[in-house]
Ligand code: ATP
Ligand code: MG
């Protein structure tokens, strides 16, 4: 049998791992060493060398995007689409199992998935019912508490209530569970927990899947959480062939319950596991890799790995100190343009990575200003937009009338005269009678529990849903969506509004019809033949909303948070906003464990770059509506000086001398009270320094000062409050 195409593109260490004997194997290796490549080749190897049926392979990765890429790659290596092979995310696979066995899982056939916003709304409602003050118990905190416990596999009855404060939280968790059950909805964390419980409670089912999935492969293992590990333990017995791949230096989801210790637990629980290490990096230049190695060496808690490459030395890392976030964005966008024009790069070769979603807006504005196409991964995505969620809520009600979150969302959207008071009355009745909002509303309409006008309006809404159900009964999926948009009045209301924003929203609604059409034609068919396409589409929408748009990589600059860049690579990377307080995040600087996680995130960022890496920080930044003055992140100073080149600001002069010679563009002092160039001044925070230049005029005028200790900075002249000395 010729498997040279599987083996040739691999080095010796990689080959050993791909050809590992059946049993248990752990590939522990640094960024860009080919872990994902090895895992993909292993899946194909199992089919071609060990005659494994694709049906017997379960491959798990971290994002839908990575799963789609892996599926395609395995298909190529097998020469056919890997029919029957399960490749997906933990959530996606758990969801699939729950759909197939919803009876065993105790879920209604058309159960729907609550996204994070729906979940928050439900937690809030439960708290209102329990009369819990959301000032003492912030809703987000409770939401985090519930998800955290589920990620650990803990139900309310397993929790300690002896402390009154914690006891209240457990009470909310309990009531939230009852409400989700009644509505037939599950949140993300529930998918996995419920799946584990279902398998544990049904040994026949568990036995079936243990026999079926002889081969379980998991990528990015360092970021698995407690319940994901339990799930693996359930499915993978001693007979199973497991292949687990990870890098402790890239564990970045500790804040969401991921446990890097799972790498150690795996070795404890599967003591025969053979460990493979890959040390050669194929992704980055020597310079970039050297910087990454030096950075991560500052972490104490490591399993310890070194990476090397015999690739090119490459360009130095470029460091740019911007005076504010606009200047930072301008620099990045200009560089991209310039490199596209004169160095032959395409737009898709660039990624702008940042710590927090809120940083994207300035880059987006600068890119729009320059007419540069871009795509943001993460942030507010299509399926999370308000108008799309409204439309989906109608569709969800068609599949399940007891979906309270959806009913509450659209009972008066578009406005049909059902006031908050009426909704509150329905809610109270539902709570007292222990039934869904739908049933309570119906009973109130029939039993004259509402005033004449309210009763007419509510009854109109109930009829509307029933009419929609009739109209869409035999329709194809895209027509169902279209009918809902027309009959519900969602489209009409926006048409009437007529504003630009409304037009945008109408376009989005049209896009939803197209999305339904694409799904009908190309979407992954549910394995359960009886499951209707609408239910499958709604689940798809909920899972997709969890991450980026994920369609073909057109020629766009890519913007994303560092967290969503995991596992990806780009020829040119801009790491933006490297300031203390922003990155490392201010919440983490006082806790060594969290600081190390931030550093791993920086390591993930640096190791995404193949050829060029730019690092930027701003001396002043307006974020969340506040001005912050930041000093460069400690991570910048942890990059070896000899690998870094400082890019000079447009107006800068060389420091520390005052040689303002030919060619340097230094404006004259702007306005009264300005100091002459060369004047010694002092600043409250930065200490003493020398004025080097000015830029701009009026309120926006900036002064450049070379501070003795803090280095050169641009400050807004009007706020700098400099004193002569
Ligand atoms: P990360 O830790 O970031 O997830 P990884 O270890 O999964 O990285 P891959 O993404 O599999 O690494 O590989 C990194 C890059 O190196 C890819 O572009 C891959 O195609 C390439 N590569 C891996 N192994 C080889 C090899 N033996 N020969 C040539 N290129 C390789
Ligand atoms: Mg990888």
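Residues of region 327-347 that are surrounded by fewer than 17 Cβ atoms within 10 Å (Cβ to Cβ) and in contact (Cβ under 8 Å) with a residue 40 or more places away in the chain: 346 alone. Of all the residues in region 248-266, those that are assigned to a strand (DSSP E or B) and out of contact with any helix residue (DSSP H, G or I) (no Cβ under 6 Å at 6 or more places or on another chain) number 0.
For region 200-212, indicate whether the set of residues that are outside any helix (DSSP H, G or I) and either out of contact with any helix residue (DSSP H, G or I) (no Cβ under 7 Å at 6 or more places or on another chain) or farther than 21 Å from residue 62 by Cα (or both) is non-empty. Yes. Scanning region 134-180 for residues that are touching a residue at least 60 places away in the same chain (Cβ under 8 Å) and more than 22 Å from residue 223 (Cα to Cα) yields 179, 180. Restricting attention to region 283-314, the residues that are out of contact with any strand residue (DSSP E or B) (no Cβ under 8 Å at 6 or more places or on another chain), in contact (Cβ under 8 Å) with a residue 60 or more places away in the chain and not in a loop (DSSP other than H, G, I, E, B) total 5. When region 49-75 is limited to residues that are surrounded by fewer than 18 Cβ atoms within 10 Å (Cβ to Cβ) and over 28 Å from the mean Cα position of the chain (by Cα), the one that is nearest to residue 212 (Cα to Cα) turns out to be 55. When region 255-280 is filtered for residues that are within 16 Å of ligand 2 (Cβ to nearest atom) and over 14 Å from residue 229 (Cβ atoms), the ones remaining, listed by number, are 276, 277, 278, 279, 280.
Within region 268-282, track down each residue that is surrounded by fewer than 20 Cβ atoms within 10 Å (Cβ to Cβ) and either within 9 Å of residue 33 (Cβ to Cβ) or under 29 Å from the mean Cα position of the chain (by Cα) (or both). If the condition is that a residue be surrounded by fewer than 20 Cβ atoms within 10 Å (Cβ to Cβ) and either within 9 Å of residue 33 (Cβ to Cβ) or under 29 Å from the mean Cα position of the chain (by Cα) (or both), then 277, 279, 280, 282 are the ones that fit.
Can you name the residue in region 143-181 that is surrounded by fewer than 16 Cβ atoms within 10 Å (Cβ to Cβ) and under 19 Å from residue 112 (Cα atoms) and is also modelled with the lowest pLDDT among such residues? Top of the filtered list is 181. Of the residues in region 269-282, at least one is on the phi < 0 side of the Ramachandran plot and free of Cβ contacts under 8 Å to residues at least 12 places away in the same chain.
Selection within region 550-582: residues that are farther than 25 Å from residue 29 by Cα and crowded, with 21+ Cβ neighbours inside 10 Å. The member of this set that is nearest to ligand 2 (Cβ to nearest atom) is 558.
For region 22-39, the condition holds for at least one residue, the condition being that it is more than 15 Å from ligand 2 (Cβ to nearest atom) and buried (at least 20 other Cβ atoms within 10 Å of the Cβ). Of the residues making up region 232-247, one or more are in a loop (DSSP other than H, G, I, E, B), within 16 Å of ligand 2 (Cβ to nearest atom) and either at pLDDT below 95 or touching a strand residue (DSSP E or B) at 6+ places or on another chain (Cβ under 7 Å) (or both).
No other residue among 514, 459, 436 is within 27 Å of residue 535 (Cα to Cα), crowded, with 20+ Cβ neighbours inside 10 Å and out of contact with any strand residue (DSSP E or B) (no Cβ under 8 Å at 6 or more places or on another chain) apart from 436. Of the residues making up region 8-38, those that are within 14 Å of ligand 1 (Cβ to nearest atom), in contact with a helix residue (DSSP H, G or I) (Cβ under 8 Å, 6 or more places away or on another chain) and not in a loop (DSSP other than H, G, I, E, B) number 11.
The values are calculated or read from the model by the stated rules, or taken from the named source; none is laboratory data. Computed from a predicted model, the values in this text were never measured in an experiment. All Cβ positions, glycine included, derive from the backbone under ideal geometry; neighbour counts span all protein chains shown.
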